[in-house]
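K.L.:
Got a structure for you, questions after.
Readers should treat all values here as calculations from the given coordinates under stated rules, not as data from a laboratory. Please read all numbers here as calculations on a predicted model, not as lab measurements. Cβ atoms come from the backbone with ideal geometry, glycine included; neighbour counts cover every protein chain shown.
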Amino acid sequence: MKKYCKAKSIPIEIRDHVINYILDRFEGLYKEQGYKTESYLSVKNMSLTSPLDIHERVRAVDKFSKDQNAIDLVSSTNGSPIF
């Protein structure tokens, strides 16, 4: 018996294949646009399935990583969680 996504009755295997294809293409696109590879990979490792959500998170992580206040905050914690 095949498993299906709840949203539109797409087999999970097909959904996963399409998402992986998109993620592979995103990596090249972000490199071309000057995003840090680390920004993309940190989001890719979250196992998200919405391309728009992935894109918005990559932009946010990249912006955060370039913000001097954020860099200082992370540096001051020596890698320890801040919350």
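K.L.:
Using a basic spin-label model with each label point 7 Å from the Cα along Cα→Cβ, how many nm lie between Ser65 and Thr77?
P.N.:
1.7 nm
K.L.:
Give the aspartates and glutamates whose C-alpha is closer than 14 Å to that of Lys31, dropping any in the same chain fewer than 8 places away, or say none.
P.N.:
Within the straight-line limit of under 14 Å, Lys31 reaches these aspartates and glutamates: Asp62.
K.L.:
Using a Förster radius of 25 Å, what is the FRET efficiency between Leu52 and Glu13 based on their Cβ-Cβ separation? Nearest 0.05, please.
P.N.:
Working from the Cβ atoms, E equals 0.65.
K.L.:
If you rank Arg15, Arg25 by fewest surrounding Cβ atoms within 10 Å, what's the result?
P.N.:
Exposure proxy ranking, most exposed first: Arg25, Arg15.
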